[in-house]
Amino acid sequence: MAVERTLIIVKPDAMEKGALGKILDRFIQEGFQIKALKMFRFTPEKAGDFYYVHRERPFYQELVEFMSSGPVVAAVLEGEDAIKRVREIIGPTDSEEARKVAPKSIRALFGTDKGKNAIHASDSPESAQYEISFIFSGLEIV
Ligand code: IDP
Ligand code: MG
């Protein structure tokens with residue numbers, strides 16, 4: 001195990017529900033350090049670039065529209081084994097499945113379904129590096 005950094009994005013559905021504070025607090029309670037934090041709204045073009053790996057998937061257009069539908073908050077979290085642990089804390093992609101198999105996960109608590117699932121988190125060291133540098137410049141990470 002090693003200290004890692006990973007990227008989370010609180011998605012527009014969770015922002016609209018007023019869940020930002022509870023979600024950030026969950027990661028603080030779990031022992032992660034917030035190394036960077038930013039609120040912004042994706043343009044459809046930038047959301048498309050961020051999710052470029054999914055460009056051939058049938059849900060790509062829906063995903064781009066959803067992610068650009070309102071403000072989001074992105075954060076860099078640091079901690080032991082952060083990439084895998086944060087993925088465990090957010091739960092499976094589909095919030096309905098999450099409520100069955102991981103009822104305390106963030107997607108179970110704050111998401112709706114497969115698309116509107118409250119939060120994004122990097123899924124590998126490579127994607128964490130790409131996604132952190134996509135959203136934050138060096139000076140914004142403390
Ligand atoms: P992940 O966020 O758990 O890594 P991915 O398969 O990488 O899941 O998909 C990226 C995002 O695309 C999901 O978080 C979700 O918002 C959206 N998405 C995935 N599958 C579907 C689908 O079948 N319908 C609509 N949106 C989807
Ligand atoms: Mg993914």
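Of all the residues that make up the range 90-122, how many are in contact with a strand residue (DSSP E or B) (Cβ under 9 Å, 6 or more places away or on another chain) and open to solvent by 30 Å² or more (accessible area, probe 1.4 Å)? Counting residues in the range 90-122 that are in contact with a strand residue (DSSP E or B) (Cβ under 9 Å, 6 or more places away or on another chain) and open to solvent by 30 Å² or more (accessible area, probe 1.4 Å) gives 1. On inspection, ARG57 fails the criterion of being part of a strand (DSSP E or B) and open to solvent by 60 Å² or more (accessible area, probe 1.4 Å).
LEU37 meets all of the listed conditions (1) open to solvent by 70 Å² or more (accessible area, probe 1.4 Å); (2) more than 14 Å from the chain's Cα centre (by Cα); (3) away from ligand 1 (no atom under 11 Å from the Cβ) but one, namely (2).
Filtering the range 123-138 to residues that are within 11 Å of ligand 2 (Cβ to nearest atom) and open to solvent by 60 Å² or more (accessible area, probe 1.4 Å) leaves only ASP123.
Residue-level analysis places GLU78 outside the set of residues that are more than 13 Å from the chain's Cα centre (by Cα), of a type in the set (D, E, K, R), closer than 17 Å to LYS116 by Cα and surrounded by fewer than 18 Cβ atoms within 10 Å (Cβ to Cβ). Given the criteria in contact with a Gly (Cβ under 6 Å, 6 or more places away or on another chain) and at positive phi, does ALA98 qualify? Taking the combined requirement at face value, the residue does not satisfy it.
I'd like to know if the range 86-95 contains one or more residues that are part of a helix (DSSP H, G or I) and over 17 Å from THR6 (Cα atoms). Yes - at least one qualifying residue is present in the range 86-95.
The values are calculated or read from the model by the stated rules, or taken from the named source; none is laboratory data. Quick caveat, the model's predicted, so the values are computed rather than measured. Quick reminder, even Gly has a Cβ in these numbers, built from the backbone with ideal geometry, and neighbours come from all protein chains shown. Ligands, DNA and RNA are excluded from the accessible area calculation, which covers all protein heavy atoms including side chains. Shrake-Rupley method; radii C 1.70, N 1.55, O 1.52, S 1.80 Å.
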